[in-house]
1. Note the angle between two axes, namely the Cα long axis of helix 157-193 and the longest principal axis of the Cα atoms of the chain, as a number of degrees from 0 to 90, rounded to the nearest 10.
2. Please list 102-108, 78-84 highest first by mean number of surrounding beta-carbon atoms within 10 Å per residue.
3. Calculate for the chain the 222 nm mean residue ellipticity that helices alone would give, adding -39,500 (n - 2.57) per DSSP H run of length 4 or more and normalising by residue count, nearest 500 deg cm²/dmol.
4. In terms of the Cα gyration tensor, with a ≥ b ≥ c the square roots of its eigenvalues, is the range 1-106 rounded because a/c is under 1.5, prolate because a/b exceeds b/c, or oblate?
5. What angle do you read, to the nearest 10 degrees and between 0 and 90, between the alpha-carbon axis of helix 58-80 and the longest principal axis of the chain?
6. Give me the accessible area per residue for the chain, probe 1.4 Å, as a whole number in Å².
7. Can you give me the angle between helix 94-134 and the longest principal axis of the chain, using Cα atoms only, in degrees from 0 to 90, rounded to the nearest 10?
8. Of the listed values [x] 17.3; [y] 29.7; [z] 19.2, identify the label whose number matches Kirkwood radius over Cα pairs in Å calculated from this model.
Amino acid sequence: MVAGYDTCPDWAPAFGYIGAASCMIMANFGSAWGTWKAGLGVCKMGIDYPKGVIKNIVPIVMAGVLGIYGLIVAVILTQSIRPPNADNTTSYSMYNGYAHMAAGLCCGISCLAAGGTIGVIGDAGVQGFGLRASGGKRAWASEGEGGDDVGMGGNSEAANADAANKLYVGLLIMLIFSEALALYGLIVALILSQHSYVCEAA
């Protein structure tokens, strides 16, 4: 007989695995969503300003990190789940299952929200950067023209570059705070994963 059998049923590990799976799935979905949206923006921006493609790859990198957050939490949760004993009892409690499911959902949904935010901001931001840096002209339209040409709104190339850099700083700040949403979820998930109650044999 196991003490506290009602708190450690044989189906309790299911909640832990649901938490680990949901964390990994939603974190990867957020990462893919952010990469997809920001990648489209970088490709569109490359038409107007090819020189800025490498510089504006930052949103894609930040979106890719979200999948790592989900991987970290999922590995921690799966390693905390104990297998059943030979007599079909388990020391893994419902308390652990609920805590691990909460940890997985916390990190997964946070990464999902952060991925969407990074994607939308990255898409609009990099396109705006390319438009501002190029002065509103296509890359092939400015080839062979003199350096004293006037760009968008009558600004010179140097003025366009300065305005684009100011826009880029604002873009980075928005991306950093968007990434912080996932980091908050990761921190809380790690705290939740440390909560544990083990059923001992009577």
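1. 0 degrees
2. Descending mean neighbour count gives 102-108, 78-84.
3. Rounded to the nearest 500, it is -25000 deg cm²/dmol.
4. prolate
5. Between helix and principal axis, roughly 10 degrees.
6. Averaged over the residues of the chain, the accessible area is 51 Å².
7. 0 degrees
8. Read-out from the structure maps to [z].
The values are calculated or read from the model by the stated rules, or taken from the named source; none is laboratory data. Since the structure is predicted, the reported quantities are computational estimates derived from the model, not experimental observations. Because the Cβ atoms are built from the backbone with ideal geometry, glycine has one as well, and the counts that use them run over all protein chains shown. These area figures cover heavy atoms from the full protein model, side chains too; ligands, DNA and RNA do not enter into them. Shrake-Rupley method; radii C 1.70, N 1.55, O 1.52, S 1.80 Å.
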